[in-house]
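Since the structure comes first, as structure tokens, the remarks are kept for the end.
All of the numbers you see were taken from the coordinates with simple rules; none came from a lab. No experiment lies behind these values; they were computed from the predicted model shown. Because the Cβ atoms are built from the backbone with ideal geometry, glycine has one as well, and the counts that use them run over all protein chains shown.
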Amino acid sequence: MDSSRKAATAARMYDYYLGGVHNFPADRAAADAVIERFPFVPEAARANRAFLVNAVRHLAESGIRQFLDIGSGIPTVDNVHAVARRVDPGARVAYVDIDPVAVAESMEILQGDALAVAVRGDVQQPRAVLEHAEVRRLLDFGEPIGVILAAVLHFVPEHRVADDAVATLIGSVAPGSHFVMSHSATESFELFTATEDVYQRRTSTPGTIRTRAEVERLFTGLELVEPGVVWAQEWRPGAVAGRVESPRLGGIWAGVGRKA
């Protein structure tokens with residue numbers, strides 16, 4: 001078996017939470033270890049996914065026609081290009097992920113799509129992402145870009161590295177660009193206490209948590225779009241099919257910022 005399929009990855013665990021089919025036994029075992037104690041985790045993952053749908057739709061309706069999705073994960077229902085193209089069929093999307101299986105699956109899904117690419121890259125190395133030939137070929141950095149950092153920065157434990165990565169991305173895109181970010185919450189620390197050991201022991205992507213204030217700091221240099229940084233279920237929740245019992249149980253802070 002390919003070594004990339006032996007160990008669980010955060011991307012494939014997330015796919016499993018969403019009810020996807022792009023996961024392997026190791027991913028399901030690791031995810032089940034979390035779900036066993038916290039059965040609401042799949043519902044929280046769906047709420048986070050709904051935030052992404054709402055945010056991308058907002059960006060597309062605001063005139064954004066190209067997107068850079070870093071930490072895009074496994075292709076599943078309502079990916080960025082599907083949502084954006086409901087507004088503009090010509091929307092372009094560059095997907096970036098550190099997991100080679102996620103990238104391979106994305107390339108297969110996107111085969112024949114001239115307006116979307118999938119490449120391997122690490123949010124902790126933003127310059128390499130920005131300078132990737134395929135990303136540069138598809139996206140015009142002289143025009144606004146929607147940068148997606150959904151549920152990825154909590155896999156960057158060092159605060160300075162996360163801050164620097166976001167700052168680099170902000171400094172590299174045109175005015176009018178938007179940033180979509182969601183992040184696991186310190187305020188829901190009970191969830192993290194149960195999941196931290198699973199991610200540390202079973203995946204190559206150890207995680208961290210941040211407070212609302214720390215997540216808001218990631219938006220430094222941007223104008224926060226209303227309603228600001230809130231629980232994922234509360235960010236313009238028009239597309240949320242089902243809400244968790246308490247937004248705090250979802251454990252995800254979410255927000256959208258605009259570069260002036």
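Quick rundown of the values:
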| read-out | value |
| --- | --- |
| Ranked by how many other beta carbons lie within 10 Å on average, peptides 131-142, 81-92 from highest | 81-92, 131-142 |
| Extension gain from GLU36 to ALA128, taking 0.36 nm per residue of separation minus the Cα-Cα distance | 29.3 nm |
| Helix-only CD estimate at 222 nm, as mean residue ellipticity for the chain, using -39500 (n - 2.57) per DSSP H run (n ≥ 4) | -12500 deg cm²/dmol |
| Residue among VAL173, VAL56, VAL77 with the largest mean-square fluctuation in a Gaussian network model of the chain, springs linking Cα atoms under 10 Å | VAL77 |
| Residue among TYR95, ALA44, ILE209 farthest towards the positive dipole end of the chain, charges placed on Cβ | TYR95 |
| Candidates ALA151, ALA174, ALA213, ranked by Gaussian network fluctuation over the chain, Cα under 10 Å, top entry | ALA213 |
| Of [x] 46; [y] 42; [z] 54, the label for percent of Cα pairs over 24 Å apart derived from the coordinates | [y] |
| Amide hydrogen neighbours beyond the local backbone of ALA151, cut-off 5 Å, H modeled | SER182, HIS183 |
| Point-to-point label distance, ASP163-GLU216, nm (Cα→Cβ direction, 7 Å offset) | 1.6 |
| Charge dipole (the chain, unit charges on Cβ, about Cα centre) - positive-most of TYR16, VAL225, ALA29 | VAL225 |
| Average Cα contact separation per residue, the chain, under 8 Å, 6 or more apart, as relative contact order % | 22 |
| Virtual spin-label span in nm between PHE141 and GLN111, 7 Å along Cα→Cβ | 3.2 |
| Nonlocal amide H pairs with VAL156, under 5 Å, H built at 1.01 Å | THR208 |
| Dipole magnitude of the chain, debye to nearest 20 (Cβ charges: Lys/Arg +1, Asp/Glu -1, about Cα centre) | 180 |
| Relative exposure of ILE170, ILE70, judged by other C-beta atoms within 10 Å (fewest first) | ILE170, ILE70 |
| Interchain or long-range residues, amide H under 5 Å from ARG92's placed H | GLN66, PHE67 |
| Most fluctuating residue given options ALA30, ALA128, ALA94, as computed from a GNM of the chain linking Cα atoms under 10 Å | ALA128 |
